[in-house]
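The values are calculated or read from the model by the stated rules, or taken from the named source; none is laboratory data. Note that this is a predicted model, so its numbers are computed, not measured. Note: ideal-geometry Cβ built from the backbone for every residue, glycine included; neighbour counts use all protein chains shown.
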Ligand SMILES: [Zn+2]
Ligand SMILES: [Zn+2]
């Protein structure tokens, strides 16, 4: 049974673009010539993986491949396919595009077009920070610590054991790119031996394997602004991973989520609070004191005869509006709790009380509903 591009990448035929990229990345990193110097088999495997990915990551090529099958595709079927002028695997941009597209961000790159002597930058890091609604309300400063690729202390980030440093890559003669003939086309791709750097390390540091970076604990102070929205993303420039061999550092991204509060909910800049009162308080009217998220007292006066689910709005007592000297509103929803679990004596007292009421005056809604109902339903 011949292999096909799906089994080569170890994915199912229903693989998504994201999964496909992930599979290619992990496999290609394993067989990357840089990690397997002089290993022809690994190099061949790397090439096949890249061909498989190049085909399956292109919707049109993948559809055509699925249609004609592996053998037909390899035997020139691709040239009859959509956009298929380049034939097997190398049409269009070829490897250089795949290589940069997939490895570019892994290597902290996105450095299209700057091959020789371009320094790799460090990777971007993600930090998840969960804060309380009170913290989101006031804003605060905190120090976070995380593991980040940092300059290796054995070689001071040079990647070289003895400090002899770099020598010109013999595969590309220092240009960082190699050209190869593919049918009628001459294509250029980054040199895999030196990863497009043009130079390689002669005696790699054993601690960091020539990368010049090892994981270390980093600390950084960050300031969370008042009114920070839920799911906000903060970029802390230059606090990501160190760049390999002295390259510029990546960025740190802090993803902020706001934990649910027990009494307040937030909708954009407005705050909502449910305030339960008794039937007696609803009849008589009452005065309540609630605490703001900043621990300030908020007086709430509930007038006599307040109906359930009445919303009382306090202007400008909501969340600070991020970036403005403004605040949203606070909405207090009055809930009237009907007593349950009454003793028969208490129920008796209630019915005596209700018998004294003039129903038309005490319950106009109830009265008018049944008046209409009688007319409609007879
Ligand atoms: Zn080192
Ligand atoms: Zn090279």
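Okay, here's what the table says:
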| item | result |
| --- | --- |
| Within segment 178-198, considering residues that are within 13 Å of ligand 2 (Cβ to nearest atom), surrounded by 17 or more Cβ atoms within 10 Å (Cβ to Cβ) and over 18 Å from residue 44 (Cβ atoms), the one farthest from the chain's Cα centre (by Cα) | 198 |
| Number of positions in segment 128-164 that are surrounded by fewer than 13 Cβ atoms within 10 Å (Cβ to Cβ) and within 16 Å of ligand 1 (Cβ to nearest atom) | 4 |
| Test for residue 280: is it over 30 Å from residue 28 (Cα atoms), surrounded by 14 or more Cβ atoms within 10 Å (Cβ to Cβ) and outside the structural domain of residue 130 (by TED's automatic domain parsing) | no |
| In segment 201-210, residue nearest to ligand 2 (Cβ to nearest atom) [restricted to those that are at pLDDT 85 or above and in contact with a strand residue (DSSP E or B) (Cβ under 8 Å, 6 or more places away or on another chain)] | 204 |
| Residue within segment 12-24 that is under 23 Å from residue 176 (Cβ atoms), in a helix (DSSP H, G or I) and modelled with pLDDT of 80 or more present | yes |
| Residues within segment 64-81 that are part of a loop (DSSP other than H, G, I, E, B) and either at pLDDT 65 or above or under 14 Å from residue 6 (Cα atoms) (or both), tallied | 1 |
| Among residues of segment 344-369, those that are more than 21 Å from residue 277 (Cα to Cα), more than 55 Å from the chain's Cα centre (by Cα) and either exposed (fewer than 10 other Cβ atoms within 10 Å of the Cβ) or at pLDDT 90 or above (or both), counted | 10 |
| Qualifying positions in segment 200-224 - within 16 Å of ligand 1 (Cβ to nearest atom) and either farther than 25 Å from residue 153 by Cα or part of a strand (DSSP E or B) (or both) | 200, 201, 204, 213, 214, 215, 216 |
| Segment 291-314: number of residues that are exposed (fewer than 13 other Cβ atoms within 10 Å of the Cβ) and under 29 Å from residue 279 (Cβ atoms) | 11 |
| Residue within segment 157-166 that is in contact with a strand residue (DSSP E or B) (Cβ under 7 Å, 6 or more places away or on another chain) and within 12 Å of ligand 2 (Cβ to nearest atom) present | yes |
| Where residue 167 falls short, out of the listed (1) surrounded by 13 or more Cβ atoms within 10 Å (Cβ to Cβ); (2) within 16 Å of ligand 1 (Cβ to nearest atom); (3) free of Cβ contacts under 8 Å to residues at least 40 places away in the same chain | (2) |
